[in-house]
Amino acid sequence: MDSLFFRQEHVMIRDMVRDFADTQIMPIARSLDQEERFPTELVKQMGELGLMGVMVPEEYGGSGLDMVSYSTAIIELARADASVAITMAAHNSLGTVPLLLFGNDNQKRSYLPKLASGEILGAFGLTEPEAGSDAGATKTKAVKTNNDYVVNGGKIFITNAGQAGLLSFTAQVIDGGDNIGIAAFIIPTDTPGLEIGKKEKKMGWRASDTRQIYFKDMRIPSSAMLGKPENGFKTFLKTLTSGRISIGALSVGTALGAYEKALEYSLERKAFDQPIHKFQSIGFKLADMATNIEASKLLVYHAAWLKDQGKDFNKEAAMAKLFSSETAMNVTNQAIQVHGGYGYVKDYDVERYFRDAKILEIGEGTSEIQRLIISREIIKDFQL
Ligand SMILES: Cc1cc2nc3c(=O)[nH]c(=O)nc-3n(C[C@H](O)[C@H](O)[C@H](O)COP(=O)(O)OP(=O)(O)OC[C@H]3O[C@@H](n4cnc5c(N)ncnc54)[C@H](O)[C@@H]3O)c2cc1C
C-alpha cells in the first residue's frame with residue numbers, strides 16, 4: 001500500500017520517526033503515563049528533528065513537508081505513546097495551522113519560526129463549557145475599544161495550555177454594541193488577563209497537558225486578530241478539518257502499537273501446550289485487527305493525499321477520523337483480550353493504549369459529529 005501514497009521522502013520520515021520513537025519514547029512511555037509527566041525533553045528533541053514545524057514552509061524555519069509526511073510522523077509517535085503524539089499534533093494542527101492559513105505576513109514572521117523550532121508550543125482554544133460540538137455557541141466576548149479588544153470568558157479542555165507560549169482562540173466580536181461574528185485571535189500566553197487553570201486528571205493522554213483557560217479583562221491589540229472578523233469561525237472550522245486527519249493518524253498509531261503488542265504476546269504465551277496464536281479465535285482477532293488498521297491507514301493517507309493535491313477532503317477527513325478512532329477503540333480492547341489477565345495490569349502497556357484510545361472518538365469532533373458531516377456530504381454528492 002505504501003506505493004500508492006508514499007514517495008521516498010515519506011519512507012525516510014517514517015524510518016526516522018520510528019527510530020526516534022523506539023529509542024527515545026517507548027522506554028519511558030509507561031512512566032510518563034503513570035507519573036502524568038509532560039514530555040518536555042521529547043518536545044525539545046522533536047523540535048530538533050523538525051517535527052514541531054512539519055508543514056511550516058522552510059522560509060519560516062519549518063520542514064515544509066506535506067500532509068502525508070505529517071500523518072506518517074503522527075502514526076509513528078502514537079505507536080509508541082499517544083500523549084507525545086497529541087502534544088506534537090495539537091501544536092502543529094491546532095496551534096500552528098490557523099496562523100499558516102489565515103495569519104498575515106507580520107504574524108507569520110513573528111511566530112512561525114519559534115513554533116517550527118519547538119522553542120514555543122502552540123495551543124488552540126475553541127471549546128467552552130457550553131460550546132463543544134456546538135462550537136458556534138461560543139460565549140467568550142472580545143469588545144472593541146479604539147485599537148484594542150477587551151476579552152472576557154474562558155475555554156475548557158485545551159491541549160498544551162499549561163506549556164504553550166502561544167494561544168489561538170475564538171471569541172464573539174462586539175463592535176459599537178453590535179455582535180459582528182466569531183473571530184479568531186492569536187496571543188502570547190503571558191498576556192496580562194490570561195489565566196491558565198490546573199491540569200485536568202484524565203483517563204488517557206495522561207502525559208499531555210490539558211487545562212481550562214480564563215480571560216479576565218484581557219486587553220489585546222487589533223493586530224492579534226487572525227484574518228477578518230467576519231470569517232474567524234470559518235478559520236477554526238477549516239483548522240478542524242485537517243486536524244481530523246491528524247486524529248485519524250493518531251488512531252492508526254494507537255491501534256498499531258496495541259496490535260503489535262498483542263501479536264508478540266500471542267507468540268510467547270502458551271496455553272494447553274501451544275502458543276495462543278494457534279487458537280483460531282486468537283488468530284482471527286489478530287486478522288481483524290490487522291485488516292482494520294490497514295483500512296484506517298488507507299483512509300488517513302487518502303484524505304491526507306487529497307489535501308496535498310489541493311482537492312476537497314472534508315468528507316474523507318471525517319471518514320478517516322470516524323473509522324480510525326473506532327478501530328483504535330476496538331483494536332485496543334481486543335489487544336487486552338489477547339493478553340488475558342495480564343492485559344488488565346499496567347506491566348503490559350495494552351491497558352494504556354486502551355485508555356488512550358477513547359478520547360479519539362471525542363476530540364476534534366465526536367463520532368456523532370463525523371457521521372453528521374459524512375451524511376451531509378453524501379447527500380450533497382448524490383444531489384449533484
Ligand atoms: C483530552 C481532551 C483534549 C481536548 N483538546 C482540545 C483542544 O486542544 N482545544 C479545544 O478547543 N478543545 C479540545 N477538547 C474538546 C473536545 O474537542 C470536545 O470535548 C468535543 O468536541 C466534544 O464537545 P463536548 O465535550 O462539549 O461534548 P458535547 O458537544 O456536549 O457532546 C455530548 C454528546 O452529545 C453528542 N452530540 C452533540 N451535538 C450533537 C449533534 N448535533 N448530533 C448528534 N450528537 C450530538 C456528542 O456527539 C456527544 O456524544 C479536548 C477534549 C479533551 C477531553
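For residue 372, what charge total do you get from the other residues with a beta carbon under 12 Å from its beta carbon, if Lys and Arg give +1 and Asp and Glu give -1?
0
Which residue, 127, 87, 96, has the most motion in a Gaussian network model of the chain that connects Cα atoms within less than 10 Å?
Of 127, 87, 96, the Gaussian network model singles out 127 as fluctuating most.
List the relative contact order of the range 234-383 as a percent without decimals, with contacts defined as Cα pairs under 8 Å and 6+ residues apart.
32
Using a 7 Å offset from the Cα along the Cα-to-Cβ direction at both residue 41 and residue 284, what is the distance between the two label points in nm, to one decimal?
A separation of 4.6 nm, rounded to one decimal place.
What is the distance in Å between the Cα centres of the range 243-278 and the range 360-384?
29
Starting at the first residue of the range 360-367, write each ³J(HN,Hα) from the Karplus equation 6.51 cos²θ - 1.76 cosθ + 1.60 with θ = phi - 60°, in whole Hz, x for Gly and Pro.
5, 7, 10, x, 6, x, 5, 4
Looking at the square roots a ≥ b ≥ c of the eigenvalues of the Cα gyration tensor of the range 2-121, which shape do they give, rounded for a/c under 1.5, prolate if a/b is larger than b/c, or oblate?
oblate
Provide the per-residue ³J(HN,Hα) series for the range 34-42, in order, calculated from phi with Karplus coefficients 6.51, -1.76, 1.60 and θ = phi - 60°, each as a whole number of Hz, with x at glycine and proline positions.
5, 8, 6, 9, 5, x, 3, 5, 5
For 259, 348, what ranking results if the residue with the fewest other Cβ atoms within 10 Å of its Cβ goes first?
Arranged by neighbour count, lowest to highest, 259, 348 become 348, 259.
Pull up all non-local amide H partners of residue 205: gap of 5 or more, or a different chain, and H-to-H distance under 5 Å with H placed in the peptide plane.
Answer set, sorted by chain and number: 356.
Mind scanning 44/114; 199/358; 199/228; 108/238 and naming the pairs with a C-alpha gap bigger than 21 Å?
Over 21 Å Cα-Cα: 199/228.
What shape does the range 234-383 have by the C-alpha gyration tensor, where a ≥ b ≥ c are the square roots of the eigenvalues, rounded means a/c under 1.5, and otherwise prolate means a/b greater than b/c and oblate the rest? List each step's numbers first, then the result.
Details: a/c = 2.87, a/b = 2.31, b/c = 1.24.
Taking the square roots of the gyration eigenvalues as a ≥ b ≥ c, the range 234-383 is prolate.
Please label the shape of the chain as rounded, prolate or oblate, based on the square roots a ≥ b ≥ c of the eigenvalues of the alpha-carbon gyration tensor (a/c under 1.5 means rounded; beyond that, a/b larger than b/c means prolate, else oblate).
Prolate is the answer for the chain, as a/c is 1.5 or above and a/b outweighs b/c.
Please report 76, 361 as a ranked list, fewest other C-beta atoms within 10 angstrom at the top and most at the bottom.
Listed from fewest to most nearby Cβ atoms, that is 361, 76.
Taking only Cα atoms and a 10 Å spring cutoff, compute GNM fluctuations for the chain and point out the largest among 360, 372, 51.
Of the options given, 372 has the highest mean-square fluctuation.
Considering only C-alpha atoms, what is the centroid distance from the range 165-200 to the range 1-41, in Å?
33
Take the chain, connect every pair of alpha-carbon atoms lying under 10 Å apart with a spring to form a Gaussian network, then pick out the residue of 66, 22, 33 with the largest mean-square fluctuation.
22
If each DSSP helix of 4+ residues adds -39,500 (n - 2.57) and the sum is divided by the residues in the chain, what number results at 222 nm, nearest 500 deg cm²/dmol?
Computed ellipticity for the chain at 222 nm equals -16500 deg cm²/dmol.
Going by C-beta contacts inside 10 Å, put 225, 203, 26 in order with the fewest on the left.
203, 26, 225
Readers should treat all values here as calculations from the given coordinates under stated rules, not as data from a laboratory. Remember, predicted model here, so these are calculated numbers, not experimental data. Note: ideal-geometry Cβ built from the backbone for every residue, glycine included; neighbour counts use all protein chains shown.
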